[in-house]
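Working notes for the structure below.
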Amino acid sequence: MRLRALDITLAALFAALMAIGANITSFIVVGGVPITLTTFFSILSGLLLGSRLGAISMTVYALVGLAGAPVFAQFSGGVSYILSPTFGFILSNILVAYVVGKIIEIKATRMSFVIASLIGMSINYVFGTTWMYFAYQLWFGAPEGFSYAMAWLWMLAPLPKDIIFAVLAGGLAYRIHGNVYLSQARKLEKKMPA
């Protein structure tokens with residue numbers, strides 16, 4: 001698995017976008033879950049970079065945060081974040097980027113971009129919410145009467161935003177994807193002898 005300079009640059013760019021997306025609105029917290037744009041950027045990384053490079057960029061983001069850089073929501077970071085109830089969302093971003101990228105590598109139509117985005121958002125919610133539930137039950141100290149259903153109720157607040165942003169990510173990525181390939185085709189056309 002050889003990475004070109006462009007691949008490294010793109011992976012770093014999306015890791016940086018994740019850091020921005022994690023903190024731009026993270027002052028809004030619902031049920032212990034900061035409202036962020038990380039789902040949007042993890043989906044976008046898979047759609048635009050593909051499965052392998054998208055997953056690498058999300059892994060870089062997670063490792064930079066675990067190393068102590070304040071890139072997670074509310075400008076947090078450090079290895080202790082593994083015990084955070086929201087760490088499952090950070091881990092799920094790697095899987096989201098990979099799965100979304102794989103779907104687009106198989107079929108790259110407008111509809112598949114949107115469907116891949118919604119599947120990615122669903123993965124993020126299922127993995128992250130399940131991690132949050134177990135974190136509260138096993139080591140974080142659950143609020144009185146906390147249940148799996150309550151964990152999902154907390155996730156209803158950011159759900160409309162994430163659905164809208166998932167669809168936007170699909171549409172935006174489809175347009176960018178099409179423009180990049182059109183541009184490459186034109187360059188090849190110019191190079192071909194008449």
Fill in the blank from the handout: When residue 25 is run through (1) modelled with pLDDT of 95 or more; (2) in a loop (DSSP other than H, G, I, E, B), the failure sits at (1)
Fill in the blank from the handout: The correct count of residues that are farther than 16 Å from residue 29 by Cβ and touching a residue at least 12 places away in the same chain (Cβ under 8 Å) in region 71-89 is 7
Exercise for the section: Find the residue count for region 57-77, including only residues that are surrounded by fewer than 24 Cβ atoms within 10 Å (Cβ to Cβ), at pLDDT 95 or above and assigned to a helix (DSSP H, G or I). Expected result: 6
Handout entry: Scan of region 78-125 for residues that are among the polar types (S, T, N, Q), more than 16 Å from residue 48 (Cβ to Cβ) and outside any helix (DSSP H, G or I), ordered by number
Key = 84, 86
Completion exercise
Among residues of region 126-146 being in a loop (DSSP other than H, G, I, E, B) and touching a helix residue (DSSP H, G or I) at 6+ places or on another chain (Cβ under 8 Å), the residue modelled with the highest pLDDT is 146
Problem - Matching residues in region 52-71 - criterion: being of a type outside the set (A, V, I, L, M) and within 12 Å of the chain's Cα centre (by Cα) - result: 54, 57, 59, 61
Exercise for the section: Give me a count of the residues in region 28-56 that are surrounded by fewer than 20 Cβ atoms within 10 Å (Cβ to Cβ), without any contact (Cβ under 8 Å) to a residue 60 or more places away in the chain and not in a helix (DSSP H, G or I). Expected result: 2
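The values are calculated or read from the model by the stated rules, or taken from the named source; none is laboratory data. Fair warning: this is a prediction, and the values are worked out from it, not measured in the lab. Don't worry about glycine lacking a Cβ; one is built from the backbone with ideal geometry, like all the others, and counts go over all protein chains shown.
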